[in-house]
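The values are calculated or read from the model by the stated rules, or taken from the named source; none is laboratory data. All values derive from a computational prediction rather than experimental measurement. As a convention, Cβ positions derive from the backbone with ideal geometry for all residues, glycine included, and neighbour counts pool all protein chains shown. Surface areas here come from the heavy atoms of the whole protein model, side chains and all, with no ligands, DNA or RNA. Shrake-Rupley method; radii C 1.70, N 1.55, O 1.52, S 1.80 Å.
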Amino acid sequence: MGFREIQYYPNTLSLASDRGHQIALPMECNPDMMLVNTSLLRQEGIPIPDESWTIDDLYTICQKVSRDKDKNGVLDQFGIYGYSWEHAFDAFNVEILDSEGAFQLHQDPFKQAITYLKELKDLHHGVEPTKEDLDSGKVAFAPMSYAEFVTYNPYPWRIKRYSNFDWQCLPMPANSSNSGFSGGSFLYMGISSRTFFSDLSWDLLKAFCCDTKNQKEIVFNGLGISPFVLDESNGDVSLYYEQIGISSSLIDLIMRKKPRPNIEIDPPADLILDSKIKELIENEDDIDLSLIELEKELNNE
């Protein structure tokens, strides 16, 4: 048993590489997906999107389903719940930091993501859908992690939540069918340079990250996806995905996407970035000018 680069989805290795050196190995992946309320879409006469759908498809469907069903002047059916600016940035391949670690906000993908979020929000006419709206089947889409899917899709947990409508998961839509970052969380293991037991540490790391049997146990008994490439040797893994209600082709498509850039932002700057982006989405301020000012503030210029 040893490390074989060909076993892994290339993009899972790239997040833990530095100047050509692999500094850690991927152990488990928990990517973002999109919950689709298929009952609501069928009720509205809208075909279920396929795995190559885009953010344009998402917007079009949200536009069609967001409406006031009981005619009381307030929306009671919604397009999407829980879609954050991080999800939009993944869709538009936004990279917040440049190669030197400085903020680069005044860029077209950043502006496109903000504009898209404002347009999605406007579809709800000032009414924010709630978690209760989602749970009761009044929302068409909601981001969902793979761990949430594994938790809530199988019986009996399925009947405890999302029990009154049919649903499935799709990849998070991007600006085009072959673009976009894969958001979510990725668990890596490495070895400290200060260890006194380098050989034993390497054996332990390989047991978790390189051993096929243990990687399958992560899938069968855990809440994550293996970083190992799905191929003909993983027939039992593909069968497991089918049994829990998700296609192996969807898993493969998600895992081949480039992961969201692994960036480190100081907590004060992260809070400023989050609050300012939310202000931009809520207000009618000039996006170009606001981004220039925010970039200068975060870069201490």
**OP:** Might you work out the accessible area of residue 132 for me, using a 1.4 Å probe with all protein chains in place, and round it to the nearest 10 Å²?
**Re:** 120
Original post:
For the stretch 22-72, how big is the tail of P(r) above 16 Å, as a whole percent of Cα pairs?
Top reply: 56
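Viscosity 1.002 mPa s, temperature 20 °C: Stokes-Einstein D of the stretch 64-184 from its Kirkwood Cα radius, in µm² per second?
Numbers: Rh = 16.3 Å.
Value of D from the Cα-based Kirkwood radius: 132 µm²/s.
Using packing as a proxy for protection, rank 219-226, 200-207 so that the peptide with the highest average count of other Cβ atoms within 10 Å comes first.
Numbers: 219-226: 17.5, 200-207: 14.0.
Going by the mean number of other Cβ atoms within 10 Å, highest first, we get 219-226, 200-207.
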Original post:
Where the only charges are on Cβ atoms (+1 Lys, Arg; -1 Asp, Glu), what is the dipole of the stretch 17-145 about its Cα centre, to the nearest 20 debye?
Top reply: 440
Original post:
Counting only residues 5 or more places away or on other chains, whose amide H sits under 5 Å from the amide H of residue 33 once H atoms are built in the peptide plane?
Top reply: 144, 145, 146
Original post:
With every protein chain in place, what's the accessible area of residue 151 (1.4 Å probe, Å², nearest 10)?
Top reply: 50
Original post:
Which three lengths, in whole Å and largest first, does the stretch 126-209 cover when its Cα atoms are put on their principal axes?
Top reply: 57, 36, 24
Subject >> Charge dipole (the stretch 240-295, unit charges on Cβ, about Cα centre) - positive-most of 291, 263, 249 >> reply: 249
Original post:
Among 66, 193, 182, whose mean-square fluctuation peaks in a Gaussian network model of the chain (Cα, cutoff 10 Å)?
Top reply: 193
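Pairwise over distinct Cα atoms, reciprocal of the mean inverse distance: report the Kirkwood radius of the stretch 5-96 in Å, one decimal place. Mind showing how you got there, number by number?
Numbers: mean 1/r = 0.0598 Å⁻¹.
Kirkwood hydrodynamic radius for the stretch 5-96: 16.7 Å.
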Original post:
With charges set only on the Cβ (+1 for Lys and Arg, -1 for Asp and Glu), what does the dipole of the stretch 72-189 come to about its Cα centre, in debye to the nearest 20?
Top reply: 400
**OP:** For residue 125, tell me the accessible area in Å² from a 1.4 Å probe, rounded to the nearest 10.
**Re:** 140
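In nm, what is the difference between 0.36 nm times the number of residues separating residue 6 and residue 151 and their Cα-Cα distance?
Details: separation 145, 0.36 × 145 = 52.20 nm, distance 3.03 nm.
Result for the pair: 49.2 nm of gain on full extension.
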**OP:** Only Lys, Arg, Asp and Glu count, each charged at its Cβ (+1, +1, -1, -1), so figure out the dipole size of the chain about its Cα centre, rounded to 20 debye.
**Re:** 1060
Original post:
Got a sec to turn the phi values of the stretch 61-71 into Karplus ³J(HN,Hα) couplings, 6.51 cos²θ - 1.76 cosθ + 1.60 with θ = phi - 60°, whole Hz, x for Gly and Pro?
Top reply: 5, 4, 4, 6, 8, 6, 7, 9, 6, 8, 6
**OP:** Work from the charge dipole of the chain (Cβ charges, +1 for Lys and Arg, -1 for Asp and Glu, about the Cα centre) and give the residue of 15, 172, 204 farthest towards its positive end.
**Re:** 204
**OP:** Please name which of 151, 182, 60 has its Cα lying farthest along the dipole of the chain towards the positive end, using unit charges on Cβ (Lys, Arg +1; Asp, Glu -1) and the Cα centre as origin.
**Re:** 151
Subject >> For the stretch 190-207, Karplus couplings with θ = phi - 60° (6.51, -1.76, 1.60), whole Hz, Gly/Pro x >> reply: x, 10, 5, 5, 9, 5, 8, 10, 4, 5, 5, 5, 5, 5, 5, 4, 5, 4
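Of all the accessible heavy-atom surface of the chain, with the other protein chains kept in place and a 1.4 Å probe, what percent is carbon and sulfur?
Looking at the chain in its full context, I get 50 percent from C and S.
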**OP:** Inverting the mean 1/r over all pairs of different Cα atoms, compute the Kirkwood radius of the stretch 227-297 and quote it in Å.
**Re:** 16.1
Original post:
Hey, what do the phi angles of the stretch 225-242 turn into as Karplus ³J(HN,Hα) couplings, whole Hz, using 6.51/-1.76/1.60 and θ = phi - 60°, x for Gly and Pro?
Top reply: 9, 6, x, 6, 5, 7, 9, 4, 7, 10, x, 5, 5, 4, 5, 4, 4, 4
Original post:
So for the pair residue 60, residue 271, with labels modelled 7 Å out along Cα→Cβ, what separation do we get in nm?
Top reply: 4.3
Subject >> Accessible surface ranking that places the most exposed of 194, 67 first, with a 1.4 angstrom probe >> reply: 194, 67
Original post:
At 222 nm, what helix-only mean residue ellipticity would the chain give, in deg cm²/dmol to the nearest 500, using -39500 (n - 2.57) for each DSSP H run of four or more?
Top reply: -12000 deg cm²/dmol
Subject >> Heavy-atom SASA rank of 244, 48 (probe 1.4 Å, accessible area, largest first) >> reply: 48, 244
Original post:
Rg to Rh ratio, the chain, alpha-carbon atoms and Kirkwood radius?
Top reply: 1.00
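If you count only protein heavy atoms with a 1.4 Å probe, what accessible area per residue comes out for the chain, rounded to a whole Å²? Intermediate results must be reported in sequence, preceding the final value.
Details: 15710 Å² over 301 residues.
Heavy-atom SASA per residue in the chain reads 52 Å².
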